[in-house]
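Visitor: Here it is: the structure, laid out below.
FYI, it's all coordinate maths here, none of it is from the lab. Bear in mind the structure is a predicted one, so any value in this text is a computation, not a measurement. Neighbour counts run over all protein chains shown; Cβ positions are idealised from the backbone, glycine included.
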Amino acid sequence: MLQGRYPDQVELQIPLHHMPKDFFIPDLYKSEIIKTVKNARQILDPRKKDRAPAVLDLGPVRFLIPRHFGFCYGVENAIDIAYRTVEEHPGKNIYLLSEMIHNPTVNKDLEARGVRFLFETDGTERIAIESLSPEDIVIVPAFGTTLEIQKKLERQGINPYQYDTTCPFVVKVWKRGKQLGTKGYSLVIHGKYQHEETRATFSHSAQEAPCVVVLNPEEARILADIILEKRPRSDFQKYFGMKCTDGFDPVGDMKRIGVINQTTMLATETREVMQILRDAVEEKYGIAAGKTGSGSVGTRTAASDKESASDTESGSTADPGSNAIPEGNPGVEMHFADTTDTLCYATNENQSATYGLMEERADIALVVGGYNSSNTMHLVELLEERFPTYHVRDASEIKSRSEIHHFNQWNKQVERTRNWMPKAAEPVTIAITSGASCPDALVDEVLLKVASYFEGCRPVDEALKPFREEESASAQSGTTMK
């Protein structure tokens with residue numbers, strides 16, 4: 001075990017309003033293996049306190065299956081809306097603004113059902129919105145969309161909110177940005193500037209506040225030095241000129257700061273960005289009188305998470321930056337808003353479960369997911385610190401026991417690696433996980449293909465027996481999840 005190596009994980013509570021419900025998920029995305037393991041883990045650990053992975057032991061090969069991965073609430077919500085829309089409107093022209101989620105299997109299936117995309121993921125137009133009619137249906141993807149595109153749709157007589165699959169946790173970030181803007185805060189958006197979600201968040205936030213996008217802690221440190229006037233203002237234009245609202249003043253507009261994020265970014269990295277900018281504010285404006293401790297970001301409780309989630313649903317407009325400091329006591333809290341409660345619970349849980357994988361011994365790691373999936377690439381980034389890691393789109397990328405095709409996010413290329421399978425004495429242990437937009441069925445297929453390269457594997461049904469017994473025992477005893 002790697003005690004103390006990995007950062008503490010902030011426990012994020014899913015809002016009561018967003019507890020799992022019966023989504024319509026097509027059968028082709030459902031799995032037998034992963035579903036069985038997940039169901040058993042949910043029975044044993046309903047509150048997800050245990051981050052240790054489950055072990056699927058096939059004899060000569062063992063798979064470490066993390067506590068949390070795969071489709072999140074927002075993705076299931078988007079799939080439910082999109083597929084119901086297609087089913088309920090035969091013969092209609094149905095469009096998606098762009099990829100609904102970053103998974104090629106899902107998007108290709110929607111295209112096969114007649115859905116067409118209006119834009120590429122980078123915003124390049126494929127079909128002109130001006131060519132649409134009021135009778136056409138346009139589905140907004142899980143990432144949301146910009147106000148500019150919403151207005152274009154409205155001019156064509158199309159309601160952009162009628163078939164809106166925007167993730168509720170993305171909307172939560174937008175609402176917090178609006179709250180901050182109306183209170184006089186400027187917004188720092190931690191995200192990838194060209195990502196659909198960040199473009200949408202920037203568009204919504206820019207209506208209320210000056211905004212700038214930072215990619216990572218390194219850029220946050222540059223921005224902090226500009227705020228402290230340790231760097232010339234010209235550096236702002238150099239590093240952020242294409243990623244900010246018009247006329248942004250890196251000194252004058254940064255007197256009050258709130259950080260919001262692209263929900264698929266590393267949660268630990270977002271907190272680091274927050275801390276870097278908070279430290280700069282403390283240095284510039286000083287600590288609030290009478291306040292104890294360092295004031296570091298990320299100290300929260302389950303109760304505060306639940307309260308914050310309720311505020312999002314109810315539309316609360318409480319000042320997000322003033323509740324930690326008495327009125328008339330100017331200090332750091334008047335200049336830096338605590339926004340840690342906007343971090344997406346699913347992103348955090350997937351990443352926390354990945355840290356759980358990293359504490360185990362494994363020979364290699366496989367990550368299944370789209371090659372343009374931000375959250376998937378962050379899981380790969382984490383696992384690369386610990387294991388030889390291969391990011392595969394699906395089982396077709398695994399050519400043989402001696403050859404695998406996988407995505408290298410650092411050079412943006414699909415690479416071919418030979419002799420990827422460890423030659424260590426059996427059993428070989430493989431950590432396997434997937435991004436939030438990846439169907440569990442694809443993980444099943446990867447797992448089974450890898451297992452086919454080992455002679456003498458136990459039948460999968462036999463390996464799943466302990467998990468099924470746990471489900472059966474729970475059903476017979478009438479156990480209810482609390």
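Visitor: Cut-off is 10 Å between beta-carbons; in what order do T182, T270 appear when sorted fewest neighbours first? Show your work: numbers first, answer last.
Guide: Details: T182 12, T270 28.
Ranked by crowding around the Cβ, least crowded first: T182, T270.
Visitor: Full-extension gain between L28 and Q42, please, as 0.36 nm times their residue separation minus the C-alpha to C-alpha distance.
Guide: Working: separation 14, 0.36 × 14 = 5.04 nm, distance 2.27 nm.
Contour length minus Cα-Cα distance gives 2.8 nm.
Visitor: Using a Förster distance of 51 Å, how high is the FRET efficiency between T182 and E471, based on the Cβ-Cβ distance and rounded to 0.05? Please list the in-between numbers first.
Guide: On the way: r = 49 Å, r/R0 = 0.96.
Step by step, r from the Cβ atoms, then E = 0.55.
Visitor: Another question about this same structure. Starting from the range 376-482, pick out the chymotrypsin sites (Phe, Trp or Tyr not before Pro) whose DSSP state is loop and whose Cβ has at most 16 other Cβ atoms within 10 Å. Kindly include the intermediate steps, with their values, before the conclusion.
Guide: Details: sites: Y390, F407, W410, W420, Y453, F454, F467; in loops: W410, W420, Y453, F454.
Taking the range 376-482 and a limit of 16 other Cβ atoms within 10 Å, the loop chymotrypsin sites (Phe, Trp or Tyr not before Pro) found are W410, Y453, F454.
Visitor: For the range 109-175, which trypsin sites (Lys or Arg not before Pro) are in a loop by DSSP, counting at most 15 other Cβ atoms within 10 Å? Spell out each step's value before the answer.
Guide: Details: sites: R113, R116, R126, K151, K152, R155, K172, K175; in loops: R113, R126.
Sparse-neighbourhood loop trypsin sites (Lys or Arg not before Pro): R113, R126.
Visitor: Once amide H atoms are placed 1.01 Å from N in the peptide plane, what residues at a sequence separation of 5 or more from K399, or on another chain, have their amide H within under 5 Å of its amide H?
Guide: I404, H405
Visitor: What list do you get for T198, T105, T433 if you sort them by fewest beta carbons within 10 Å? Walk me through the numbers on the way to the answer.
Guide: Working: T198 24, T105 17, T433 27.
The fewest-first ordering by Cβ neighbours comes to T105, T198, T433.
Visitor: Continuing with this model, one more query. Using the count of nearby Cβ atoms within 10 Å as a rough guide to exposure, how do T166, T245, T340 rank from fewest to most? Walk me through the intermediate numbers first.
Guide: Values: T166 22, T245 16, T340 19.
Neighbour counts put them in this order, fewest first: T245, T340, T166.
Visitor: So what are the ³J(HN,Hα) numbers for the range 138-152, from phi and the Karplus equation (6.51, -1.76, 1.60; θ = phi - 60°), rounded to whole Hz, Gly and Pro as x?
Guide: For the range 138-152, the Karplus curve yields 10, 9, 7, x, 4, 6, x, 8, 7, 5, 5, 5, 4, 5, 4 Hz.
Visitor: Taking 22 Å as R0, compute the FRET efficiency from the Cβ-Cβ separation of N216 and D249 and round it to 0.05.
Guide: Numbers: r = 23 Å, r/R0 = 1.04.
Working from the Cβ atoms, E equals 0.45.
Visitor: Let me ask something else. 5 Å is the cut-off here: which amide hydrogens, built 1.01 Å from N in the peptide plane, fall below it relative to C457, excluding neighbours closer than 5 in sequence?
Guide: none
Visitor: With θ set to phi - 60°, apply the Karplus curve 6.51 cos²θ - 1.76 cosθ + 1.60 along the range 421-437 and write out the HN-Hα couplings as whole Hz, x wherever there is a Gly or Pro.
Guide: 6, x, 9, 5, 4, 5, x, 7, 10, 10, 7, 9, 8, 8, x, 5, 9
Visitor: Still on this model: Give the long-range amide H neighbours of V428: residues separated by 5 or more places, or on another chain, with amide H under 5 Å away, using H modelled in the peptide plane at 1.01 Å from N.
Guide: The answer is V61, R62.
Visitor: Same structure, new question: Estimate the FRET efficiency between E120 and K412 by the formula 1/(1 + (r/R0)^6), using the beta-carbon distance for r and 25 Å for R0, to the nearest 0.05.
Guide: Working from the Cβ atoms, E equals 0.95.
Visitor: Say each of H89 and F454 gets a label point 7 Å from the Cα, pointing the same way as Cα to Cβ; how far apart are those two points in nm?
Guide: 4.7
Visitor: Here is a further query. Calculate the spin-label point distance for A424 paired with H405, positioning each point 7 Å from the Cα along the beta-carbon direction, and give it in nanometres.
Guide: For H405 paired with A424, the spin-label model returns 2.8 nm.
Visitor: Something else now. K38: which lysines have alpha carbons under 18 Å from its alpha carbon, excluding same-chain residues fewer than 8 sequence positions away?
Guide: K21, K30, K48, K49, K465, K482
Visitor: Can you compute the modelled spin-label distance between E111 and S131, with each label point 7 Å from Cα toward Cβ, in nm?
Guide: 1.6
Visitor: Restricting to DSSP loop positions (anything but H, G, I, E, B) with no more than 15 other Cβ atoms inside 10 Å of their own Cβ, which chymotrypsin sites (Phe, Trp or Tyr not before Pro) remain in the range 130-182? Can you show the working numbers first?
Guide: Numbers: sites: F143, Y161, Y163, F169, W174; in loops: F143, Y161, Y163.
Passing both the DSSP loop test and the Cβ count: Y161.
Visitor: Using the Karplus equation 6.51 cos²θ - 1.76 cosθ + 1.60 (θ = phi - 60°), what ³J(HN,Hα) coupling, rounded to whole Hz, does each residue of the range 278-283 give in order, writing x for Gly and Pro?
Guide: Coupling constants for the range 278-283: 5, 4, 5, 5, 4, 5 Hz.
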